[in-house]
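Beneath this line is the structure, given in structure tokens, with notes to follow.
Bear in mind that the values in this text are calculations on the coordinates, not laboratory data. These numbers were taken from a predicted model, which means no experiment stands behind them. Methodologically, a virtual Cβ is constructed for each residue, glycine included, from the backbone with ideal geometry; neighbour enumeration extends over all protein chains shown.
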Amino acid sequence: MFICAKLFSTEYLNQLGSIEGSFIAVSRYTIDHFGDLKWWPLWFCGMPYRDVYGPVLHNLVALVAVGLKISPALAFHKTVALFYCLGPVTLLWMVYRFSGSLACGFWSGLLYSLISPAAILIPAIRNDVGGMWHLRRLYNLVVYGESPHIASLALMPLVLIALDAAIRRGRPVHYALSAIMLAVLALTNVTGLAGCAMVLAAYILAMPQAHSLWSMLRIALIALLAYGLAIPWIPPSTIRLIIANSQRSQGSYYPFRFVPFVLAAAVAAILYVVCTRLRLNAFFRFALLLTFIAAVITLPSFLGKIAIVPQPERFQLELEMGCCLAAGFALSKLPKVAPAAIVAALCLVALVHNRNFASRLIQPLDVRNTVEYREAKWFDQNMSGRRVFAPGSVSFWMNVFTDTPQLGGCCDQGVPNWQQRVALHTIYTGQNLGPRDGEISLQWLEAYGVHAIGVSGAGSREWYKPFGNPNKFEGLLPALWRDGGDVIYGVPQRSESLAHVIHESEVVSREPVDGSDVAPLRPYVAALNDPNMPLASMRWTSQSSATIAADLGAGDVLSVQVTYEPGWHALVSGSRRRIESDALGMMVIHPGCTGRCTVEIFYDGGNEMRIAAIAGLISLTVWLLLLLNPAWARIRTTYR
């Protein structure tokens, strides 16, 4: 807490390139729309709320904001700073429980607080943070906004403590506690869950109590119960979406690398055998194996651009944990007081150094003076809730201040379909489009119902400046607002509505091959702009329901520029109507009526979410029985 005390009282940081703006936006939206959280209309033409991000941290921030009557931004920084401080504390507790040595726990927690093994070992990280003695964990939190991952790192030791207690003691209460802790971690951060799998693998390999088939079975049953508790928020469709999107994240392709994985597993097996033959301390084996597992995933990514798993560079923090555990064990075995005193003195120097580093890193700012705030407010005041394209960091921060929906948003794992990623990439980069860049980008904007686009060019104050050709809309679109290098252009649309009457033959039926292939879009965009077609009105009645009214002829359908999901339903006079996806991932409704028709649409999650709710209720019942009924312990003892 001494190091990052400043973060507890900071509302907005000057790190506007951080993704934390999107996390604050989720918490703000949760507060404003609590009770209506099935559908998230703000990003990527809409998406299920469950696909936005794991709910634990954002809901906790919302609770802190409401409880303390402070802004979501201030509540966010108080909460993530607390998790940052708890990381070394929970690590100390885990080390003490596993090693039986308070000295080992103390050294491990102290090193985890004061040094960054990743910065020492990896030149790219050292250059990024500005030196090998700067804290990578703090840098990732403040600069990159990796708060959910940081929170999950603080939870990992608690998960392992609970699992170990369940294996050692076998009492129902320990099964219940380990399942709920694992579920909470899974709903905090997917990267953290993968990191926890590394920690658990090292634990199973190193700890004798985990080697039996019965122990393995218990861990599997605990994991199954944990998923049952979490399934209402992370059903199979969400898992499939995360896996698919993780393969193409941050502009890179990450296929599963079978050969490097097998080689790494073989080396891990050799390391396990060597550690066992040398009769190394079980906790030390655990620390070495965790270090190796994290290193074999992380280091090839930085040193040779080899990705064994998606986004391997993010597991640098798990590598740091393993290194600190191993070094902490070694320091606890120092035979004399003098070497320990020298190390302690160096740690004191590191403490002062890191306090100064944190003070320089954590810099508050008045967000009202930023282009991110100014553009968000302009969209809010002038677009009347119509969809916009916000650029770069404006996209991250815009929904902290407004409910204006945007074509982009956060985060990679939640993008509903591939064509939206194609559209975003094309509009930003204009790759291989040449002089047709502006015209083709406009086709994508019109197809996805965008009414204004913010562009950051030369002299812009926007953080990323992601446009390859920021001048491509000059003379093509009207400039509605200009502030130095930041411009907002209007995108002409015949209707302000997201619902449109078109002929069935004009539905986009073929996926574009790439961003330049707008041939499938042209008939659809022409239909949107056809003055002979009747207009359709669309009024949102909640965050997940709307009413559409239009004059329809034979063969007409309703194209709704909202992401299609199986949980959407359409009713005409109380009767169900067919609803499906076009090739761009948007809804097409077959109303089956002519003349003046009114269609009600609503999202309830569909059969999957109903099944998930039942599974969650069953799992919760089992969990409560384990937690509260001591008879289960007697039954287990009798039949064992």
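Roughly how many Å is it from the Cα centre of segment 4-24 to that of segment 325-391, as a whole number?
9
Provide Ser113, Ser108 in ascending order of the number of other Cβ atoms located within 10 Å of each residue's Cβ, fewest first.
Values: Ser113 25, Ser108 30.
Lowest count first: Ser113, Ser108.
Going by alpha carbons, how many degrees (0 to 90, nearest 10) lie between the helix axis of 282-304 and the longest principal axis of the chain?
With both axes taken from Cα atoms, the answer is about 40 degrees.
For every helix of n ≥ 4 consecutive DSSP H residues, a contribution of -39,500 (n - 2.57) applies; sum these over the chain, divide by its total residues, and give [θ] at 222 nm rounded to the nearest 500 deg cm²/dmol.
Helix-only estimate at 222 nm: -17000 deg cm²/dmol.
Kindly identify segment 501-604 as rounded, prolate or oblate by the Cα gyration tensor criterion: order the square roots of the eigenvalues as a ≥ b ≥ c, call it rounded if a/c is under 1.5, otherwise compare a/b with b/c, prolate if a/b is larger, else oblate.
oblate
Between segment 167-204 and segment 434-479, how far is it from one alpha carbon centroid to the other, in angstrom?
46
Which one, Leu477, Ile306, Cys410, is farthest towards the positive end of the dipole of the chain when Lys and Arg carry +1 and Asp and Glu -1 on their Cβ?
So the residue furthest toward the plus end is Ile306.
Roughly how big is the chain's charge dipole about its Cα centre, with Cβ charges of +1 (Lys, Arg) and -1 (Asp, Glu), in debye to the nearest 20?
Using only the charged Cβ atoms, the result is roughly 2920 debye.
Under the classification rounded if a/c is under 1.5, otherwise prolate if a/b is larger than b/c and oblate if not, where does the chain fall, given a ≥ b ≥ c as square roots of the Cα gyration tensor eigenvalues?
prolate
Which shape class, rounded, prolate or oblate, goes with segment 53-361 when its Cα gyration tensor gives a ≥ b ≥ c as root eigenvalues, a/c under 1.5 marks rounded, and past that a/b bigger than b/c marks prolate?
Judged from the Cα gyration tensor, segment 53-361 comes out rounded (a/c under 1.5).
Determine the percent antiparallel among the DSSP beta bridges restricted to segment 367-490, to the nearest 5.
70
Using only Cα atoms and rounding to the nearest 10 degrees, what angle (0 to 90) does helix 371-382 make with the longest principal axis of the chain?
40
Relative to the longest principal axis of the chain, what angle (0 to 90°, nearest 10) does the C-alpha long axis of helix 236-247 take?
90
Would you mind checking the pairs Lys38/Lys377; Lys6/Lys69; Lys78/Lys333; Lys38/Lys69; Lys6/Lys305; Lys377/Lys472 and listing those with alpha carbons more than 28 angstrom apart?
Working: Lys38/Lys377 26 Å; Lys6/Lys69 20 Å; Lys78/Lys333 37 Å; Lys38/Lys69 25 Å; Lys6/Lys305 36 Å; Lys377/Lys472 24 Å.
With Cα atoms farther than 28 Å apart: Lys78/Lys333; Lys6/Lys305.
Over the chain, calculate the relative contact order: mean separation of alpha carbon pairs under 8 Å at least 6 apart, over the residue count, as a percent. Display every interim value, and only then the final one.
On the way: 1076 pairs, mean separation 104.6, N = 640.
Taking the mean separation of contacting Cα pairs over the length of the chain, I get 16 percent.
Report the full-extension gain for the segment Glu600 to Leu620: residue separation times 0.36 nm, less the Cα-Cα distance, to one decimal in nm.
3.8 nm
For Leu552, list long-range residues whose amide hydrogen, built 1.01 Å from N in the peptide plane, is under 5 Å from its own amide hydrogen.
It is Gly595, Arg596, Cys597, by chain and number.
Label 7 Å along Cα→Cβ of Leu221; segment 146-186 residues with amide nitrogen under 14 Å?
Zone members listed by number: 166-179.
Using Cβ counts within 10 Å as a stand-in for footprinting exposure, how do Ser237, Ser359, Ser505 rank, fewest first?
Listing Ser237, Ser359, Ser505 from fewest to most nearby Cβ atoms yields Ser505, Ser359, Ser237.
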